[in-house]
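For reference, the structure discussed in these notes is given below.
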Protein chains: 4
Amino acid sequence: MISSDLWQANQDLSIACLEHPFVEGIAQGTLPRGCFVFYVGQDAFFLRAFARAYSIASAKAPDWEGFNLFHDLTNGVLEELQLHQNYAQIWEIDLQTTQPGVATRRYTEFLLATAWSRDIGAIAAAMTPCMRLYAFLGQKLAEPEIPNHQYSDWIKTYSSDDFEQLAQQLEDLSNRYIVDEPQAHSLYRYAMLCEHEFFQSAWEQEPVTSHPYGFGSCSLMETTKTALPHQSPVTS
Amino acid sequence: MISSDLWQANQDLSIACLEHPFVEGIAQGTLPRGCFVFYVGQDAFFLRAFARAYSIASAKAPDWEGFNLFHDLTNGVLEELQLHQNYAQIWEIDLQTTQPGVATRRYTEFLLATAWSRDIGAIAAAMTPCMRLYAFLGQKLAEPEIPNHQYSDWIKTYSSDDFEQLAQQLEDLSNRYIVDEPQAHSLYRYAMLCEHEFFQSAWEQEPVTSHPYGFGSCSLMETTKTALPHQSPVTS
Amino acid sequence: MISSDLWQANQDLSIACLEHPFVEGIAQGTLPRGCFVFYVGQDAFFLRAFARAYSIASAKAPDWEGFNLFHDLTNGVLEELQLHQNYAQIWEIDLQTTQPGVATRRYTEFLLATAWSRDIGAIAAAMTPCMRLYAFLGQKLAEPEIPNHQYSDWIKTYSSDDFEQLAQQLEDLSNRYIVDEPQAHSLYRYAMLCEHEFFQSAWEQEPVTSHPYGFGSCSLMETTKTALPHQSPVTS
Amino acid sequence: MISSDLWQANQDLSIACLEHPFVEGIAQGTLPRGCFVFYVGQDAFFLRAFARAYSIASAKAPDWEGFNLFHDLTNGVLEELQLHQNYAQIWEIDLQTTQPGVATRRYTEFLLATAWSRDIGAIAAAMTPCMRLYAFLGQKLAEPEIPNHQYSDWIKTYSSDDFEQLAQQLEDLSNRYIVDEPQAHSLYRYAMLCEHEFFQSAWEQEPVTSHPYGFGSCSLMETTKTALPHQSPVTS
């Protein structure tokens, strides 16, 4: 099965995510609140792009069953976003004004460029890491039982049977539609790297709001950190 | 004219690029050779994506003249790429095996996602910074005359009348097709930020080749630097 | 309001549809059963393409509310298709093996080419006729009351408040997103012509199944009538 | 080779085109001038869509060589269109105001919907019939030698080595990129049917200009013949 091969080939990154201090902080309930608030905002932005990518995939499905399966997955994202809305209320996050950070935007542009330009198998390959990795993390963090702390809900969501089912549904679609395996491996790994960087950026809390430039409505971000630095070359 | 408004609104970034040590290094001929070699490889990768974005724009042109103008611009990129081929020979760079760095990939995914998903005016807005900025830099560095050093050819290319004409042609297309001005401002600025970061990444020579992971054919990169670090949160 | 202008400008065609013998046959319950069976099969094929076009539109929506509104409209089509499934059972139609006729395929290719290549306002303009025309026909045929005959359910569906609401939702999206009005008029009228021809083809029951050629799975059709005739030129 | 299989599987239609009175009229120089004038106008419209489809294919090419090959083919279409410009001058046809007929529009929407939504192999499959069929017809009509009459230039163009080379280049791309063979067969056959109908519509000279409706700029047409007829059902 190509879906297992892809997951196996990226064990280094799934382990790196599991051991990442952001994820460990969720596991133990010790993650600084600011990191989680930042993450929820970024993840809401990400999931809106993810829903768009699913919609494109459904429109490209060669058969009607494929359309419906991808359409169901879109509905799954809309439910997941409803959860974020709940978090946002509890944690007092304004999801409407959240600006995407560098890692977020890089990941979403990758997914959307892939969705628009490639075939349905390639899209499935690029989207699976997000689902399978979160199912993996949720299930690991729920062992031996879901801990009782401020991040319990996150662990409950991603360790649930419902979420595992969505991940399997997308893997089934990968198995059905992937024809170019080397390309699938490349897209899958890139998405895994984006996942890892996503945790890292939340851990660092890339400052996205205090940039010196004004932006338009659909906008676009930049961090003060990366915008205008003149650093020395690493080697010269 | 929306094209002038867009350029004026981003003077801070065009000046920041002009004063960037990478560009100053080209101006004075003192840029470390390794930085330039890195840059040429990344730019070749970038231009291939740029040509694809032009092709998509031509296919979306509502009128036949628009198709032809974008098609001509694609031909312009192919000529520019021929120059890179020449550099590559002189500087012994293998363009075929060059892997994109983070800044390169982020910029190209943004351009391609925009080209596939948005209308022709939005595409023109996102693509203009690359052309207008380089014409600006070329012309500034050619004052009062083109210096005589290892980077003369670069300055000659981008200060040429031919290149100015291509930049104007794209700005004409922006003026003709942009209907959503706030969106255009947002896309234009994001591209300007990507341009600045592109110089910065060449200055730093992001290590793209020594990563610990194997990649597939169309692949995809990651730097050793950003792949698996566990840094402390910036604030906690 | 552009949505009313579009509808008003095509009164000739909405009247022509209302007075078309196919629609009059539905109104009076006298439509030959074979015509209706043909029509239901073609309409099911059409609606699957319509759902794909909505999915593409949702992916292109510049704002998240637009995504959700188009996504809801997709769900509306899926419900409408469920009705067809019911018809199919009652009327013993095998929707899985139905091949599209010329008029159907022409209309669906137009909608999909428009959805993939144009902006969201243009897509809304091309899709509205199907919704507004059916709401108009349903409401006209339900005056002064829904007749009691074999086609009552069809009239009930399209005269319902639910359907009127979906039509209005799409018109609201037209009003929100159309920027190029001449283009919108052109696309809207073409779709109206396709609607008229759709009724005509069902009235004529274009023979789609007895063609002399075999087709592949996602296939494609041709009528015996138009496939290989050598007619005299109309004028010479 | 899939490209030969596709051609072989559609011998019935290539023969039907060769024996079509329109093509025989070109062979013998007896085709009514009005038919040819109509055809040249429709073909110019068609080729502009064909060039757009090639541009989309080039943007989707997974490798850079593929981009360049499709880009070259686009250039080939632009040259072919230049020939039409010459015809137009000689035959006094105004290509700018030509409106597409039903058969033309149906074919172009099919090609564009395919180009936007499917992978590069599928696009190549849908586009090849136009190239291979014309090379076949040109070569057949040039046997034993190119006749000397008003349609010699047409025969010269399509029997030339240059055109054969373009057809082979597209078939090479089909062989390289087609992965879903049943889908390729279906798309190829549909395009062949569209080709046949294109000759038929020129033979009949579908009246496209005298329709009773005004159209917008990018417009869209309908024939007086098919617009508003109320015919009896074929069977009832």
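The values are calculated or read from the model by the stated rules, or taken from the named source; none is laboratory data. Just so you know, these numbers come straight off a predicted model, no measurement behind them. Neighbour counts are summed over all protein chains in view; Cβ atoms, including those assigned to glycine, are modelled from backbone coordinates with ideal geometry. Calculation scope for accessible area: heavy atoms of the full protein, side chains included, ligands and nucleic acids excluded. Shrake-Rupley method; radii C 1.70, N 1.55, O 1.52, S 1.80 Å.
State which residue pairs qualify: first residue more than 20 Å from residue B:67 (Cα to Cα) and inside segment B:157-170, second residue modelled with pLDDT under 95 and of a type in the set (A, V, I, L, M) in any location, beta carbons under 8 Å apart, and separation of 6 or more residues or different chains.
These pairs meet every condition: B:157/B:83.
Within the set of pairs 6 or more residues apart or between chains, which connect a residue that is open to solvent by 10 Å² or more (accessible area, probe 1.4 Å) inside segment B:97-119 to a residue that is of a type in the set (Asp, Glu) with Cβ atoms less than 6 Å apart?
B:109/A:109; B:119/C:119
To keep it simple, each residue is scored yes or no on (1) closer than 17 Å to residue D:110 by Cβ; (2) within 14 Å of chain D (Cβ to nearest Cβ).
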position: C:80; (1), (2): no, no
position: C:100; (1), (2): yes, yes
position: C:115; (1), (2): yes, yes
position: C:126; (1), (2): yes, yes
position: C:129; (1), (2): no, yes
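In segment D:135-147, how many are open to solvent by 10 Å² or more (accessible area, probe 1.4 Å) and part of a helix (DSSP H, G or I)?
Adding up the residues that qualify gives 4.
Specify the residue that is nearest to the other protein chains (Cβ to nearest Cβ); the eligible residues are those in segment D:168-202 that are over 18 Å from the mean Cα position of the chain (by Cα) and surrounded by 24 or more Cβ atoms within 10 Å (Cβ to Cβ).
Restricting to residues being over 18 Å from the mean Cα position of the chain (by Cα) and surrounded by 24 or more Cβ atoms within 10 Å (Cβ to Cβ), the top hit is D:178.
Just to be sure before I move on: is residue C:62 open to solvent by 20 Å² or more (accessible area, probe 1.4 Å) and more than 22 Å from residue C:178 (Cα to Cα) in the structure I sent?
Answer is no for this residue.
From the list C:99, C:82, C:89, which residue is modelled with pLDDT under 95 and in contact with a Phe, Trp or Tyr (Cβ under 9 Å, 6 or more places away or on another chain)?
Selected residue: C:99, the only one of C:99, C:82, C:89 that is modelled with pLDDT under 95 and in contact with a Phe, Trp or Tyr (Cβ under 9 Å, 6 or more places away or on another chain).
Out of A:43, A:72, A:119, report the one residue that is out of contact with any strand residue (DSSP E or B) (no Cβ under 6 Å at 6 or more places or on another chain) and farther than 30 Å from residue B:103 by Cβ.
After applying the criteria, what remains is A:72.
List every residue pair whose Cβ atoms lie under 7 Å apart, where the two residues are 6 or more positions apart in sequence or sit on different chains, the first residue falls within segment A:120-134 and is under 19 Å from residue A:67 (Cβ atoms), and the second residue, located anywhere, is at pLDDT 95 or above and not in a helix (DSSP H, G or I).
Every condition considered, the pairs that remain are A:120/A:61; A:121/A:178; A:124/A:178; A:125/A:178.
Condition check: buried (at least 22 other Cβ atoms within 10 Å of the Cβ), modelled with pLDDT of 95 or more, away from chain C (no Cβ under 14 Å) and under 30 Å from residue A:63 (Cβ atoms). Does residue D:54 satisfy that?
Judged against the criteria, residue D:54 is a match.
Among the listed residues C:25, C:34, C:29, C:76, identify the single one that is closer than 30 Å to residue D:117 by Cα and not hydrophobic (A, V, I, L, M, F, W, C).
Checking each option against the conditions leaves just C:76.
Name every residue in segment B:26-45 that is of a type in the set (S, T, N, Q) and without any contact (Cβ under 8 Å) to a residue 24 or more places away in the chain, in order of residue number.
Result: B:30, single match.
Which of (1) surrounded by fewer than 23 Cβ atoms within 10 Å (Cβ to Cβ); (2) over 14 Å from the mean Cα position of the chain (by Cα); (3) assigned to a helix (DSSP H, G or I); (4) modelled with pLDDT of 95 or more is the odd one out, the single condition residue B:122 does not satisfy?
With respect to (1) surrounded by fewer than 23 Cβ atoms within 10 Å (Cβ to Cβ); (2) over 14 Å from the mean Cα position of the chain (by Cα); (3) assigned to a helix (DSSP H, G or I); (4) modelled with pLDDT of 95 or more, residue B:122 is out only on (1).
Being open to solvent by 10 Å² or more (accessible area, probe 1.4 Å) and not in a helix (DSSP H, G or I) narrows it down to one residue among A:94, A:12; which is it?
It is A:94.
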